[in-house]
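The values are calculated or read from the model by the stated rules, or taken from the named source; none is laboratory data. Values in this document were obtained by computation on a predicted structure and should not be read as measured data. Here the Cβ is made from the backbone with ideal geometry for all residues, glycine too, and neighbour counts use every protein chain on show. Please note that ligands, DNA and RNA were not included when accessible areas were found on the heavy atoms of the full protein model with its side chains. Shrake-Rupley method; radii C 1.70, N 1.55, O 1.52, S 1.80 Å.
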Amino acid sequence: MQSYKDFDNGISPAWCPGCGNFGILDAFKKALFELKLDPHEITLVSGIGQSSKMPHYLKCNGFNGLHGRSLPVATGVSVANHKQKVIVFGGDGDTYGEGGNHLLHAFRRNPNITLFVHNNEVYGLTKGQASPTTEFGRHTKAQPFGALSEPLNPLALAIAMDCSFVARSFSGRLDHLKEIMKMAIMHEGFALVDILQICVSFNKVNSFDWYKNRIYEFSADYELNDKLKAFEKSQEFGDKIPLGVFYSNSRPTFEKNMPVIRDNTLVSMQNFPDIKSLIC
């Protein structure tokens, strides 16, 4: 690849002008380029939502499937060929709502998958209903009396379940996001990056300036495998919002725990069916 722009596939994104997804797309292409990854080495998987359109706009292998079901598909891809970099894109609704059950089991299994969550605190594709990360009491078109559930803290959940890489970045701070993406992609095991994302159409509270006045990059002045301190850090969200890697460990991956594929990929084995025979 001569430039990060070589990952463009010529399709123009169908996002609102000013959407935070543009920054995430740009940072991701630069991360892939700086890691010297080629398109054939990468498989992108997504479900439903504005975030899940990412595979539509990139020159890589891709699978866009059902709402909230991207993680089991991605796990299947990685089990079939763990030489691939398997990367999942989803929103806060797709991942923490519809896909919540799959997320819990991905934490347990530790597949070698990177998950980027575009967290804009609303369902953007379907016009701004409250999502699992919407603050309590927030009024939306679908919640005229305010959101009646407490918001999910995805980082605290991930750390509590011993997810092997947990980080947060912001769609408006591209250099930081790019570096976090590179670390997550190269991590061996399940990596969750919660990306604070502005939604210019349906979230008028958590704007670029709102985040700009609150976010700060913290240096990990603690051991990254110190779960208790990471959990304490994950509780900080309000007037100050930390960005960085909160927690990391080196648990064996799901793929390495499977003796059949520990040394060879499933697709390289002699009896693996020719996929062409499955296509009508």
Please enumerate, by chain and number, the lysines with C-alpha under 17 Å from the C-alpha of residue 256, excluding those fewer than 8 residues away in the same chain. 83, 85
Residue-ordered couplings for the range 131-144, obtained by feeding phi - 60° into the Karplus form 6.51 cos²θ - 1.76 cosθ + 1.60 and rounding to whole Hz (Gly and Pro as x), are 10, x, 9, 5, 5, 4, x, 5, 7, 9, 4, 8, 10, x
Residue 42's amide H: which non-local residues (gap 5+, or another chain) put their own amide H closer than 5 Å, with H modeled 1.01 Å from N in plane and none for Pro or chain starts? 61, 85
At residue 186 and residue 22, where each label point lies 7 Å from the Cα along Cα→Cβ, what is the point-to-point distance in nanometres? 3.0
Expressed as a percent, the accessible surface of the chain that is carbon or sulfur, using a 1.4 Å probe and the full set of protein chains, is 55
Considering only protein heavy atoms, what is the solvent-accessible area of residue 157 at a probe of 1.4 Å, reported in Å² to the nearest 10? 50
Once amide H atoms are built 1.01 Å from N in the peptide plane, which residues 5 or more positions from residue 247, or in another chain, come under 5 Å H to H? 166
What's the lysine pair count for the range 116-219 at a Cα cut-off below 30 Å, pairs eight or more apart or interchain? 10
Extended-chain gain in nm, criterion 0.36 nm per residue less alpha-carbon gap, residue 149 and residue 208: 18.8 nm
Pop out the ³J(HN,Hα) list for the range 9-23 in order, Karplus 6.51 cos²θ - 1.76 cosθ + 1.60 with θ = phi - 60°, rounded to Hz; leave Gly and Pro as x. 10, x, 9, 7, x, 9, 10, 5, x, x, 4, x, 4, 4, x
Given unit charges at Cβ for Lys, Arg (+) and Asp, Glu (-), the dipole magnitude of the chain about its Cα centre in debye, nearest 20, is 400
For a quick check, take a GNM of the chain with Cα springs below 10 Å and name the residue from 264, 21, 110 with the largest mean-square fluctuation. 264
Once phi is turned into ³J(HN,Hα) by the Karplus curve 6.51 cos²θ - 1.76 cosθ + 1.60 with θ = phi - 60°, what whole-Hz value does each residue of the range 169-185 show in order, with x for glycine and proline? 9, 9, 5, x, 10, 5, 5, 5, 4, 4, 5, 5, 4, 4, 5, 5, 5
Would you mind classifying the range 2-65 by shape? Square roots of the alpha carbon gyration tensor eigenvalues, ordered a ≥ b ≥ c; an a/c under 1.5 is rounded, otherwise it is prolate if a/b is larger than b/c and oblate if not. oblate
If contacts are Cα pairs under 8 angstrom and at least 6 residues apart, what is the relative contact order of the chain in percent? 18
Can you give me the Cα centroid spacing of the range 30-69 and the range 183-255 in angstrom? 21
Prolate/oblate/rounded label for the chain (Cα gyration tensor, a/c 1.5): prolate
Residue separation between residue 251 and residue 11 times 0.36 nm, minus their alpha-carbon distance, gives in nm 82.5 nm
